[in-house]
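No lab work stands behind these numbers, since they all come straight from the coordinates. From a predicted model like this one, the values you see are computed outputs, not experimental measurements. Cβ coordinates were reconstructed from backbone atoms using ideal geometry, including for glycine residues, and neighbour counts include every protein chain displayed.
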Amino acid sequence: MDYFLKLFLSGTAKGSIYALIALGYTMVYGIVQLINFAHGEVYMIGGFTALIVGGFLFSLGVSTPVVLLVSILAAVLYSAAFGFTIERVAYRPLRNKTRLSALISAIGISLILQNFILLAQTEKYLSFPSYLPELKFLLPVREYINSTQFIILVTTAIVMVALTFLIKFTRIGKAMRATAQDKQMALLVGVNINQVISVTFIIGSALAAIGGILICSYMGQINYYIGFVAGIKAFVAAVLGGIGSIPGAVLGSFILGWTESLGTGYISSDYEDAFAFIILILILILKPDGILGKNQKQKV
Amino acid sequence: MALMELKNVSTYYGNIQALKGISLSVEEGEIVTLIGANGAGKTTTLMSICGITPIRSGQVILDGVDISSISPHKIVSMGLSQVPEGRRIFPQLTVLENLDMGAFLRDNKSLIKADLEEVFELFPRLAERRNQAGGTLSGGEQQMLAISRALMARPRILLLDEPSLGLAPIIVHNIFQIIKRINEERKTTIFLVEQNANMALKIANKGYVLQNGAIKMADSSEHLLVNEEVRKAYLGL
Ligand SMILES: Nc1ncnc2c1ncn2[C@@H]1O[C@H](COP(=O)(O)OP(=O)(O)O)[C@@H](O)[C@H]1O
Ligand SMILES: [Mg+2]
């Protein structure tokens, strides 16, 4: 039982990170019906930004909480700028072309960004310092959950609540939902849909950057390729939940996190990355629209 | 000066010319109807005016300003709203949220609230269903919601694309009465596109007949209602 609980909690922490990335896939898909293959790279760039800014601040002797705050902020802003620019440069000009051209453009951007970081940084794994503080009150239960996992869970929960509020109640949130449901009609009531699409990329990229920092702190390392694997997994989570659906992306991410965690714990750790693909194949066979995806309904 | 004027407007889908240089004008306070058979180019006309389907040549003039190269969301802010064909309700937004979207470009909360009360008075059914998803409404209710959503923008001119499409005769009658009321009470100028020529001509001041992307006839409604050709082709008499 103890073992199960431990696996369950680490699966939940993993799922939280997948959720932060999967939300970007699903929101963008909901609005422009595009699988943004460069999304994983935006997440990786978020991690690198935090590493570089954090390392610099540490070397100046700045205190840990300030380093944490500033590097998160820098990562979020830099990734958001990337997300915004990618849409403007690589997707918007192709919006009225076939879907395949935007998809190819997405794959192209993904490769460019990977290679950009490979050349600008290194091909080696770099160690990533844990910026996250040790929480004393968790000591009695540290066999089940550590500080990093706890912070991941709490951060994700806060982000989800904020995002739900934004989408449900704010003016831009309503415009996003309207645009996802009927772009032409959104234009006809006066929505600047280009702006809404930009905001969607910015929000998705900011969430991915937060995910990037959290996972790098958790794993203690970073590399130019991490965006590819995490991106694919988060994509699987989004498809599992029903691509286009926000609650679906969160649910799919937790299911994937639990499966991986319990799978490696009870079956074999050699197959950790295979579970995601087994799940993907199963959904595509059994329920192609995903758990909460009802034939394109409930998009954003 | 006309509130809205089309001068020699041509619109293409690829190489196919859907509008062949049409000209028409709508005076402030009027109800003007554009009638024509399926495929004549009525929807294309409205989408050309709104900037969704950009025109290739000619001019669309709103209150003296050429709007033919202005983007659709800006045209709305100039006082032009459309109730599109097929109603196009945001299916997963509630009735209230759909109405909020209608007032998207306005920011005076108390005026918006007053307008909300007004449309609920016009269509009490919508008030009852305010928290229901738009997609779950009946066709008639969706048409009421589509009209109300457009009214929430407080347009000076309201464009309607076949509001009678697919509705039971009694509801059609009701909707046309409301359109007339909107014109009389709110002084909103109306440009009404219809296949139901009989109903449309009865509430309109003036009518245009569109055929194969060209204006075939233009006259007062009374004249068109008794015109032999119109009676044969569009009134089924
Ligand atoms: N998106 C489109 N692409 C190509 N042709 C179109 C498109 N929309 C309409 N058409 C064509 O343009 C003509 C006018 O259509 P439309 O404006 O919808 O007519 P109406 O509203 O009077 O029924 C028709 O011949 C129709 O087939
Ligand atoms: Mg039509």
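Observations on the structure shown:
- Table column - 3J(HN,Hα) (Hz), region B:189-201, Karplus curve with 6.51, -1.76, 1.60, x for Gly and Pro: 6, 10, 10, 10, 9, 8, 9, 7, 5, 4, 4, 5, 5
- Residues of region A:170-213 with amide N under 19 Å of the 7 Å Cα→Cβ point at residue A:101: A:194
- Using C-alpha pairs under 8 Å with a sequence gap of at least 6, the mean separation divided by the residue count of chain B gives a relative contact order of 27 percent.
- Kirkwood Rh (inverse of mean 1/r, distinct Cα pairs), region A:1-96, angstrom: 15.6
- Averaging the sequence gap over all C-alpha pairs within less than 8 Å and six or more residues apart, then dividing by the number of residues, gives region B:80-154 a relative contact order of 55 percent.
- Share of Cα-Cα pairs in region A:34-178 lying beyond 22 Å, as whole percent: 57
- For the peptide A:173-186, the mean number of other protein chain Cβ atoms found within 10 angstrom of a residue's Cβ is 5.
- Residue A:168/residue A:281 FRET efficiency (R0 25 Å; Cβ-Cβ; nearest 0.05): 0.15
- Total formal charge among the other residues, if their Cβ is under 12 angstrom from that of residue A:263, Lys/Arg +1 and Asp/Glu -1: -3
- Legend: ranking of residues A:153, B:224 from fewest to most surrounding C-beta atoms inside 10 Å; resulting order A:153, B:224.
- The residue among B:102, B:142, B:131 whose Cα reaches farthest toward the positive pole of the charge dipole of region B:94-237, with charges on the beta-carbon of Lys, Arg, Asp and Glu, is B:102.
- Of A:168/B:180; A:14/A:136; A:174/B:42; B:42/B:232, those spanning more than 24 Å from alpha-carbon to alpha-carbon: A:168/B:180; A:174/B:42
- Remark: region A:33-43, residue by residue, has Karplus-estimated 3J(HN,Hα) of 6, 10, 7, 7, 5, 7, 4, x, 5, 4, 5 Hz, where x stands for each Gly or Pro and the curve is 6.51 cos²θ - 1.76 cosθ + 1.60 at θ = phi - 60°.
- Exposure proxy order (Cβ contacts within 10 Å, fewest to most) of B:32, A:89, B:230: A:89, B:230, B:32
- Around the Cα centre of region B:80-154, unit charges on the Cβ atoms of Lys, Arg, Asp and Glu (plus for the first two, minus for the last two) sum to a dipole of about 100 debye.
- A Stokes-Einstein calculation at 10 °C with viscosity 1.306 mPa s, built on the Kirkwood radius of chain A over Cα pairs, returns a diffusion coefficient of 81 µm²/s.
- Residue (of A:69, A:271, B:3) at the positive-pole extreme of the protein assembly as shown, dipole from beta-carbon charges: B:3
- Anisotropy class of the protein assembly as shown from Cα gyration tensor, a/c 1.5 cut: prolate
- Distance between region B:1-56 and region B:168-183 - C-alpha centres, whole angstrom: 24
- Potential lengthening between residue A:77 and residue A:270 on full extension [0.36 nm per residue; Cα-Cα distance subtracted]: 65.8 nm
- Summing Lys and Arg as +1 and Asp and Glu as -1 over all other residues whose Cβ lies under 15 Å from the Cβ of residue A:144 gives a net charge of +1.
- For region B:36-104: rounded, prolate or oblate by the Cα gyration tensor [a/c cutoff 1.5]: oblate
- Cβ-placed point charges (K, R +1; D, E -1), dipole of region B:1-96 about Cα centre in debye, nearest 20: 440
- Among A:165-171, B:96-102, the order from most to least packed when residues are scored by Cβ within 10 Å on average: B:96-102, A:165-171
- Exposure proxy order (Cβ contacts within 10 Å, fewest to most) of A:260, B:118: B:118, A:260
- Principal axes of region B:80-154: Cα extent on each, largest first, Å: 30, 25, 20
- Within the shell defined by Cβ-Cβ distances under 9 Å, the residues around residue B:193 carry a net charge of -3, with Lys and Arg each +1 and Asp and Glu each -1.
- Cα gyration tensor shape of region A:113-194, rounded if a/c is under 1.5, else prolate or oblate by comparing a/b with b/c: oblate
- For the pair residue B:195 and residue B:118, a Förster radius of 30 Å applied to the C-beta separation gives a FRET efficiency near 0.55, rounded to the nearest 0.05.
- √(5λ) per eigenvalue of the Cα gyration tensor, region A:22-65, largest first, Å: 33, 10, 5
- Spacing of the two label points (7 Å from each Cα toward its C-beta) at residue B:211 and residue B:12, in nm: 2.6
- 0 to 90° range, to nearest 10: angle between helix B:109-122 axis and chain B longest Cα axis: 70
- Partner chain coverage, peptide B:70-83 - average Cβ within 10 angstrom: 3
- Cα centroid separation, region A:216-246 to region A:15-38: 9 Å.
- With contacts taken as Cα pairs under 8 Å and at least 6 residues apart, region A:42-118 reaches a relative contact order of 29 percent.
- Assuming charge only on the beta carbon of Lys and Arg (+1) and of Asp and Glu (-1), the dipole of the protein assembly as shown about its Cα centre is about 180 debye to the nearest 20.
- Cα-based equivalent ellipsoid of region A:72-153: semi-axis lengths in Å, sorted from largest, via gyration tensor: 38, 17, 12
- In region B:96-168, a dipole from Cβ-located charges (positive for Lys and Arg, negative for Asp and Glu) runs towards its positive end, and of B:111, B:152, B:163 it is B:111 whose Cα lies farthest in that direction.
- Backbone HN-Hα couplings from phi across region B:45-53 [Karplus 6.51/-1.76/1.60, Hz, Gly and Pro as x]: 4, 5, 5, 5, 4, 7, x, 6, 10
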